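Written out below as structure tokens is the structure these notes cover.
The values are calculated or read from the model by the stated rules, or taken from the named source; none is laboratory data. Just so it is clear, the model here is predicted, and its values are computed rather than measured. As a convention, Cβ positions derive from the backbone with ideal geometry for all residues, glycine included, and neighbour counts pool all protein chains shown.
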Amino acid sequence: MFVGVGLFNLFNLLYHFFMLRMLPPIDYGHLNALVALFMVISVPASTVQTMVTKFVSSFQAQNHFDRVKGLLRHLLLSMLIIGFSLFVLISLASSLISSFLQISSEGLILLLGVSLFFAMVIPVAWGALQGLQKFGALTVNLTLNGGLKLVLSITFVLMGWRVLGALGALAISYFITTVLSLLILEGSLNQEKKKANPGLNSVKGARYDFSELYYYSIPVGLTLLCFMILTNIDLVLVKHFFTAQEAGYYSIAQMVGKIILFLPQPVVMVMFPKVSLIDSQKKETFPVLIRSLIMASSLCTLGVILCHLFPTIIIQMLTGTIYPECIPLVKLFSINMSFFSLTFILLYYHLAKQRKEFLYPLFFLTLIQVGCIGLLHQTMLQVLSIVSVVSILLLGMNFYLAHRHSRK
């Protein structure tokens with residue numbers, strides 16, 4: 001799984017790297033704004049995958065395969081309806097969205113809707129495969145998804161399709177891996193049912209109340225949604241308030257910042273289950289958090305130093321061209337994303353401890369960031385300054401909450 005997730009993230013990074021080099025700044029600004037919007041809207045899908053993994057593994061342990069199938073049918077139908085509804089809404093509002101983002105082609109908005117449809121469905125299959133511990137199949141799917149998007153985007157852009165080709169590769173990769181994962185899941189369920197002991201806690205013909213499933217999804221979904229908005233909405237608003245050229249420069253700088261944001265991701269992957277286990281044993285978890293923050297801080301500090309010492313070289317490596325306008329943005333982005341990266345560790349620490357009070361400052365600071373950028377956006381540096389203040393406040397508040405509980 002570590003290899004699969006690592007390859008998936010690497011292919012996503014290479015996707016942006018090649019698109020940044022192959023597309024002019026204005027076109028890349030269009031693409032990056034649409035991808036950012038895609039990530040924000042698809043947050044519920046990430047929540048569904050977490051829910052499915054938890055409950056499928058629990059039902060499998062109890063030999064309740066009918067309950068597994070009932071859960072998957074319920075969620076698959078729900079996500080199909082949500083995905084289709086999203087596509088219809090985006091299609092109807094395509095002219096408004098293209099006008100807001102200053103994108104002349106409504107076809108790009110429709111393609112975004114197609115991508116979101118499949119992005120709503122595929123987490124049900126991925127979560128089920130993870131819950132059934134079919135890690136090999138899930139790794140293949142993740143790798144194929146990222147690899148297809150990378151190869152097809154390069155091919156389509158070389159064919160002259162520009163942003164349409166880059167976004168079309170996203171839609172096609174999700175379509176192929178959605179169909180493949182559902183086929184693999186069907187075979188896996190049949191295989192697991194044959195291996196199971198039919199007399200052990202088997203349950204048939206009953207209707208199940210999935211209210212616990214949805215209750216569990218609330219803090220996870222709100223956390224992921226707010227964090228995705230905090231780290232992506234500035235790009236969407238810059239695309240609206242500034243010229244296409246300026247938004248392109250902002251997208252280039254954000255690309256550098258996002259690399260720093262995802263550097264400590266393996267730390268979160270290890271810390272989350274570790275804290276959950278130690279907490280269930282009624283032992284102290286705060287030292288694990290401190291070690292995680294120290295490791296992540298080391299990675300982020302290295303990234304910030306490099307961005308401040310060699311911003312021109314980094315920009316040239318990514319784009320093949322030197323854009324002086326990006327240099328001050330890259331420096332500030334590196335700091336902002338470092339704070340958000342450390343905050344992400346704290347958010348997952350709270351989730352592992354099953355706490356909810358951290359949601360209040362997270363929710364209100366998200367609203368404050370969006371509102372302040374909407375009101376104060378004379379320059380792009382002013383926008384990034386607002387993001388800086390919010391990231392520092394969010395990091396400080398979450399560390400305070402973690403430390404307060406540790407003292408108790």
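Region 272-382 holds helices (runs of 4 or more DSSP H) entirely within its bounds, and those carrying 2 or more residues that are surrounded by 15 or more Cβ atoms within 10 Å (Cβ to Cβ) and polar (S, T, N, Q) map to 286-309, 327-352, 359-375. For region 29-41, check the following and say yes or no: at least one residue is of a type outside the set (Asp, Glu) and over 30 Å from GLU325 (Cβ atoms). Checking region 29-41: not a single residue is of a type outside the set (Asp, Glu) and over 30 Å from GLU325 (Cβ atoms). Inspect region 332-349 for any residue being assigned by TED's automatic domain parsing to the domain that holds LEU224, among the aliphatic types (A, V, I, L, M) and free of Cβ contacts under 8 Å to residues at least 40 places away in the same chain and give the result as yes or no. For region 332-349, residues assigned by TED's automatic domain parsing to the domain that holds LEU224, among the aliphatic types (A, V, I, L, M) and free of Cβ contacts under 8 Å to residues at least 40 places away in the same chain: absent. Would you mind stating whether GLY205 is at pLDDT below 85, on the phi > 0 side of the Ramachandran plot and not assigned by TED's automatic domain parsing to the domain that holds SER57? Yes.
Just one residue in the set GLY70, GLY136, GLY127 is out of contact with any helix residue (DSSP H, G or I) (no Cβ under 8 Å at 6 or more places or on another chain) and crowded, with 17+ Cβ neighbours inside 10 Å; that residue is GLY70. Cβ-Cβ contacts under 8 Å between residues 6 or more apart (or on different chains), taken from a first residue in region 1-24 that is farther than 13 Å from GLN265 by Cα to a second residue that is surrounded by fewer than 16 Cβ atoms within 10 Å (Cβ to Cβ) and at pLDDT 85 or above, are listed as MET22/LEU158.
Do you know which residues across region 74-110 are of a type outside the set (A, V, I, L, M), part of a helix (DSSP H, G or I) and surrounded by fewer than 18 Cβ atoms within 10 Å (Cβ to Cβ)? Scanning region 74-110 gives HIS74, SER78, PHE84, SER85, SER91, SER95, SER99, PHE100, GLU106, GLY107. The requirement of being in contact with a Cys (Cβ under 8 Å, 6 or more places away or on another chain) and either over 29 Å from VAL370 (Cα atoms) or among the hydroxyl-bearing types (Ser, Thr, Tyr) (or both) is fulfilled nowhere in region 316-323; no residue meets it. Just to be sure before I move on: is GLY257 crowded, with 22+ Cβ neighbours inside 10 Å, part of a helix (DSSP H, G or I), touching a Ser or Thr at 6+ places or on another chain (Cβ under 7 Å) and modelled with pLDDT of 90 or more in the structure I sent? No; evaluated as a whole, the condition is false for this residue.
Quick check on my filter: what residues within region 260-271 are assigned to a helix (DSSP H, G or I) and either touching a residue at least 60 places away in the same chain (Cβ under 8 Å) or under 27 Å from ILE315 (Cα atoms) (or both)? Hits for region 260-271 are ILE260, LEU261, PHE262, GLN265, PRO266, VAL267, VAL268, MET269, MET271.
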